[in-house]
Amino acid sequence: MTKPIRLLALDGDWLVHRAFYAMGGGKATEEDMPRIVAMTLSKCVHWCLTLTVQQEATHLIFALDGGRSFRKDVYPAYKSNRGTYVYQGEVVQGERLCELLNSGIQLRREPTGVDAVLNQLPERLTDWGVFVMRVPRYEADDVLASAATLAKRLGNSGQRIKAILGTADKDTLQSLSDYAEQTYPHHIKTEPDVVVRFREMGTRLVKYVHADAASWTPNQFLDYQILIGDSTDFIPEVLSKAKARKVINEHGSLHAYFKTRDGRTFFDQHSEELRRNVQLVRMNRDLMRDWSDEDLDATRLRIKPKDPAQVTRMLAKAYDAYKTSQHAAKSSTLF
């Protein structure tokens, strides 16, 4: 019997940010930054290989954002709360920043330590035999959603496959199915990795939304996100969380709500904002539309080397590199 495909798709941007700030990058001085960058690079490689071994992955994608997202064309202030922006020599933030960006004014974004890591990481991972996937104008989230859709399509056609989505982003819930689950390292080092399976999705929805969301489907959660926006990504809300929950619970979906008199009135009043949020919140699931199980076997996604002992040696070497960089940093004045 053919061995099942276990496709591990990692959100590289999320891993980089998590590692960078865990290493103290948010408080690092300019002098300390090279050490922090080296530590973050080693930590990301180690995490990547560790998750590969733990998940018994047969295929691996390390997804990174592909430059300026198309979502910034829809809403220029999208994710503008990440980083420092300068206008006429002054740092701008908050509502003033949104106003400037949405008016089309070009601002200078100051480079960060995270940028340095993201610039160096693809080459480092490629040296380790990891397939790095960057799709121009799309984000790592979109690659993960597309991997989940690929797994669902192949699974429904009889292929034995599971996509493991490596990220803590709650937006990933919209991509879960019987063929796709979510996993990420616990914030407490001694605890096992968090795993979110489709049949257990209700517990996550209770945590992120409310107790009355326990039975929601991924599409209902997506409709809810469209209504409430996302302050983490600077996406404005259309309705408050309480009102958005009420809409979903009473009507089941935005589509059904818009068929009612109140829903039609609401849509007429907020159609522009709703269309904007749909494009900002919904993950693109078609980036791998034409891929098949034969493509998976033929591409670099297939993990090499296949010998588990070689993978274990690679992991040990990556861990040694991480510990060495960590020791160098601890000897600095940063800690």
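Every read-out reported here was derived from the displayed coordinates using simple, explicitly stated rules and does not represent laboratory data. Keep in mind that what you see is a predicted model, and the values were worked out from it rather than measured. Note: ideal-geometry Cβ built from the backbone for every residue, glycine included; neighbour counts use all protein chains shown.
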Margin query: Beyond a 20 Å Cα-Cα separation, which of these cross-linked pairs lie in this structure: 3/152; 3/162; 207/241; 170/207; 3/170; 170/241?
Written below: 3/170
Next item on the list: Name the residue farthest towards the positive end of the dipole of the stretch 5-330 from the options 222, 248, 192, assuming +1 on Cβ of Lys and Arg, -1 on Cβ of Asp and Glu, about the Cα centre.
Entry: 192
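For 98, 48, what ranking results if the residue with the fewest other Cβ atoms within 10 Å of its Cβ goes first? Spell out each step's value before the answer.
Values: 98 19, 48 23.
Result, fewest neighbours first: 98, 48.
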Next item on the list: Please tell me the relative contact order of the stretch 158-236 in percent, rounded to the nearest whole number, where contacts are Cα pairs under 8 Å and at least six residues apart.
Entry: 22
Margin query: Which of 79, 72 has the fewest other C-beta atoms within 10 Å, and how do the rest follow up to the most?
Written below: 72, 79
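For the stretch 118-254, rounded, prolate or oblate, judged on the Cα gyration tensor with a ≥ b ≥ c (square roots of eigenvalues), a/c < 1.5 rounded, else prolate if a/b > b/c? Working shown, then result.
On the way: a/c = 1.75, a/b = 1.52, b/c = 1.15.
Here the stretch 118-254 falls in the prolate category.
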Checklist line | Nearby aspartates and glutamates by direct alpha-carbon distance to residue 259 (threshold 20 angstrom, same-chain neighbours under 8 apart not counted) | finding: 223, 250, 268, 272, 273
Notebook entry, point to check: Hey, can you list the DSSP H helices of the chain whose Cα span along the axis is 30 Å or longer and whose average Kyte-Doolittle score is at least 0.0?
Noted result: 33-54
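Counting only C-alpha contacts under 8 Å and six or more residues apart, can you give the relative contact order of the stretch 5-330 as a whole percent? Intermediate values should be presented prior to the final figure.
Numbers: 484 pairs, mean separation 76.4, N = 326.
Relative contact order here is 23 percent.
Which of 133, 283, 39 comes first, and how do the rest follow, when ranked by fewest Cβ neighbours within 10 Å?
On the way: 133 24, 283 21, 39 27.
Arranged by neighbour count, lowest to highest, 133, 283, 39 become 283, 133, 39.
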